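The values are calculated or read from the model by the stated rules, or taken from the named source; none is laboratory data. For clarity, every value in this text was computed on a predicted model and none was experimentally measured. Because the Cβ atoms are built from the backbone with ideal geometry, glycine has one as well, and the counts that use them run over all protein chains shown.
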Amino acid sequence: MHIPDGYLSPSTCATMYAASAGFWWHALRKTRRQMMGRALPRLALMAAFCFVVMLFNLPLPGGTTGHALGVGIAAIVLGPWGGMLAVSLALTIQALFFGDGGITTLGANCFNMAIAGSLAAWGIYHLLSMGSTAMSRRRLVAAALAGYGSINVAALLAAIEFGIQPMLFHDASGAPLYAPYPLHVAIPAMMAGHLTIAGLAEALMTAGLFGYLRRNEPALLGLAKSGLAKDGLATDATPKTPRGLWGGLAVLMLLTPLGILAGGAAWGEWAPRDFADQAARAQIASASGNHAAPAAVPTGLSKLAGVWTAPLPDYAPHFVKSAAFGYFLSAIFGVGIILGVVWLAQVFTGRKGEGTETDTAEKSEERER
Amino acid sequence: MSAHPVARTLRGFSQALARTLVSEDAAHARGLLQGIDPRVKLVGMMALVVASALSHRVDTLLELLAVGVGLAMMSRVSLWSLARRVWLVAFVFSFMIAAPAMFLTPGVVVWRWGWLAATAPGVHTAALLVLRVEAAVTLSTLLVLTTPWMWLLKALRTLWVPVEVIALLAMTHRYVVLLAETANQMFESRQSRMVGRVKGREQRHMMINTGGVLLSKTMAMGDEVYMAMLARGFRGEVRLLAEFRMKGRDWLMGAALLMLAVAAVVAGR
């Protein structure tokens, strides 16, 4: 994945440097204030740690071994901006000092692994662990998938950079001047190894390190809320109330009648009766690049349209005359159903209630180890 | 005892550490490139690397490689060590990737063995790729081998790299060696206590636990380093001592390297 000098054209390298420079500049700006304090040695040491972790040969199921990049854990511990700086530093040292990855391709390598990798890892981890407790299995799976996703996003970007070279840079006879394989060869060749061995190594390493930190250093993951938590004896089983989230949800619910302002039906959400209605047909045609709708209702659509009749058709029960109030009522009803399902899921999975959480989490953690 | 991954990791650490020491030795030898201002060397050698990336001709790339060999000889860098550590590795890696292109690129067939047919454009593409990698790696390795790391970092200011980044790179480099040594010791102590056959799953747990302990140590060390920085008067500002002074031979060498790079770009079109 460390692209050496000579595989990418100078213009690709310059573009990737320019793209990376924007992120580096923003990351430096974000962390500059903290860097004047404790964050300076912490970033440097995390970069050194990523470098050393890249040397680990992790035994994988099936008897093979693989290297991890450490992007996943760096992004989870330092956040996306700190993570991309730390991994960029590690890649720079590798390129300059150990010749692993080129100097002209450093921008591309940093963009793929440090920048896109960190953003992907951080995004996946936070998306999948949202609302979960500190010791939940879901959080561990989120960490594993963050590692897996980060390395595969990086590999895909590298494959695309390789794959566009023969398209853009070839001599008069059509012979490629840089990486010689087109996208349909470069992407499968690159992804085969990363979706399996390298991805697995990164997932295992990220989840393993995350599990270790969760048990022993929860403060580093931002999971410690008290001294007990720091000792690994308690968890944030009662996550802080996301007041902002509830407030935002309430505002969105109040704003739902704005949907009425949009004219016509949403594209692709037509009902069978719209095909017979001249005004609706005109709307379909204008929204579809002046392609007229079929004269008759498509057979499949007419057959399946009546399979399910919604209890609140068109966001308004029959007895409600005001469309705006109907929208508002539907929003309350929809949110209520979602909250009810989540609450039921919590009850059935035993996640509700703080008393048992610590014990079960400890036990599940032991099993995972 | 099946501790192959552990042994491999140990070997990786040892090689990395050995390489660090070797490069510091070469950087302090008395040679042509060692006596040149690091800023001139950085800009000049980078210009040559970019010229090799821009070159589309095999003969130009061979000439750039010859320039690299000449500079290495005049800088007392061991060609044997360069061949073993740089040329061989770069050749194997780039040839593995370039070789199929010889057969997959359409064109006039120049060599046939059974159903395998190498084409002229394919061979040209593969040769370009391998030679370009060899030339670029040789030139960039020479820059690193003939310049003490701290000087190289200070010279990066010439390329407008922010001072915080240079400080971070310097700290990262220092602690890479320290952390690699710490990890090496942890693996050695673990290996010395392992008897019998260790299953893959156990090996995996061992590696991950070692990584976890190393991460804990890393973060704790970060706080200790910060305390040490404060104790030494760190007030949140990073300053570099710029003691470089350009001499006549630096200007000459700079002009020569840049002229070579421009000539290579023109000849390589």
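Overview of results
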item: Restricting the stretch B:1-28 to residues that are more than 10 Å from chain A (Cβ to nearest Cβ) and exposed (fewer than 14 other Cβ atoms within 10 Å of the Cβ), the residue that is modelled with the highest pLDDT; result: B:28
item: Helices (runs of 4 or more DSSP H) contained entirely in the stretch B:44-121, each with at least 2 residues that are within 17 Å of residue A:180 (Cβ to Cβ), among the hydrophobic types (A, V, I, L, M, F, W, C) and within 14 Å of chain A (Cβ to nearest Cβ); result: B:58-74, B:88-104
item: Extreme residue, nearest to the other protein chains (Cβ to nearest Cβ), among residues of the stretch A:161-190 that are at pLDDT below 85 and not in a loop (DSSP other than H, G, I, E, B); result: A:176
item: Lone unmet requirement of (1) free of Cβ contacts under 8 Å to residues at least 40 places away in the same chain; (2) surrounded by 17 or more Cβ atoms within 10 Å (Cβ to Cβ); (3) aromatic (Phe, Trp, Tyr) for residue B:187; result: (1)
item: The one condition in (1) small (Gly, Ala, Ser); (2) closer than 20 Å to residue B:49 by Cα; (3) within 7 Å of another protein chain (Cβ to nearest Cβ) that residue B:180 fails to fulfil; result: (2)
item: Of all residues making up the stretch B:193-228, the number that are of a type in the set (A, V, I, L, M), over 13 Å from residue A:53 (Cα atoms) and either assigned to a loop (DSSP other than H, G, I, E, B) or in contact with a strand residue (DSSP E or B) (Cβ under 8 Å, 6 or more places away or on another chain) (or both); result: 3
item: Residue under evaluation residue A:43, criteria (1) part of a loop (DSSP other than H, G, I, E, B); (2) under 30 Å from residue B:235 (Cα atoms), criterion not met; result: (1)
item: Count of the stretch A:100-114 residues which are out of contact with any Cys (no Cβ under 7 Å at 6 or more places or on another chain) and assigned to a helix (DSSP H, G or I); result: 7
item: Count of the stretch A:1-42 residues which are at the interface with another protein chain (Cβ under 7 Å from one of its Cβ atoms), under 18 Å from residue B:163 (Cβ atoms) and at pLDDT 85 or above; result: 1
item: Within the stretch B:120-175, considering residues that are within 30 Å of residue B:105 (Cβ to Cβ) and surrounded by fewer than 19 Cβ atoms within 10 Å (Cβ to Cβ), the one farthest from the chain's Cα centre (by Cα); result: B:120
item: Residue, farthest from the other protein chains (Cβ to nearest Cβ), within the stretch A:43-97, restricted to residues that are of a type in the set (S, T, N, Q) and crowded, with 23+ Cβ neighbours inside 10 Å; result: A:88
item: Only one of B:54, B:104, B:82, B:65 that is farther than 30 Å from residue A:92 by Cα and surrounded by fewer than 24 Cβ atoms within 10 Å (Cβ to Cβ); result: B:104
item: Single residue of the stretch B:162-175 satisfying the filter (free of Cβ contacts under 8 Å to residues at least 24 places away in the same chain and in a helix (DSSP H, G or I)) that is farthest from residue A:84 (Cα to Cα); result: B:174
item: Given (1) touching a Pro at 6+ places or on another chain (Cβ under 9 Å); (2) touching a residue at least 24 places away in the same chain (Cβ under 8 Å); (3) surrounded by fewer than 16 Cβ atoms within 10 Å (Cβ to Cβ), index of the condition residue B:181 fails; result: (1)
item: The one condition in (1) outside any helix (DSSP H, G or I); (2) facing chain A (nearest Cβ under 9 Å); (3) within 29 Å of the chain's Cα centre (by Cα) that residue B:244 fails to fulfil; result: (2)
item: Given (1) in contact (Cβ under 8 Å) with a residue 40 or more places away in the chain; (2) assigned to a helix (DSSP H, G or I), number of the condition residue A:96 does not satisfy; result: (1)
item: Check on residue A:195, hydrophobic (A, V, I, L, M, F, W, C), surrounded by 22 or more Cβ atoms within 10 Å (Cβ to Cβ) and more than 17 Å from residue B:129 (Cα to Cα); result: no
item: Single condition residue B:76 does not satisfy, out of (1) free of Cβ contacts under 8 Å to residues at least 12 places away in the same chain; (2) on the phi > 0 side of the Ramachandran plot; result: (1)
item: Count of residues meeting criterion [surrounded by 15 or more Cβ atoms within 10 Å (Cβ to Cβ) and more than 7 Å from chain A (Cβ to nearest Cβ)] in the stretch B:195-204; result: 1
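Matching residues to (1) at pLDDT 85 or above; (2) facing chain A (nearest Cβ under 7 Å):
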position: B:168; (1), (2): yes, yes
position: B:176; (1), (2): no, yes
position: B:190; (1), (2): no, no
position: B:212; (1), (2): yes, yes
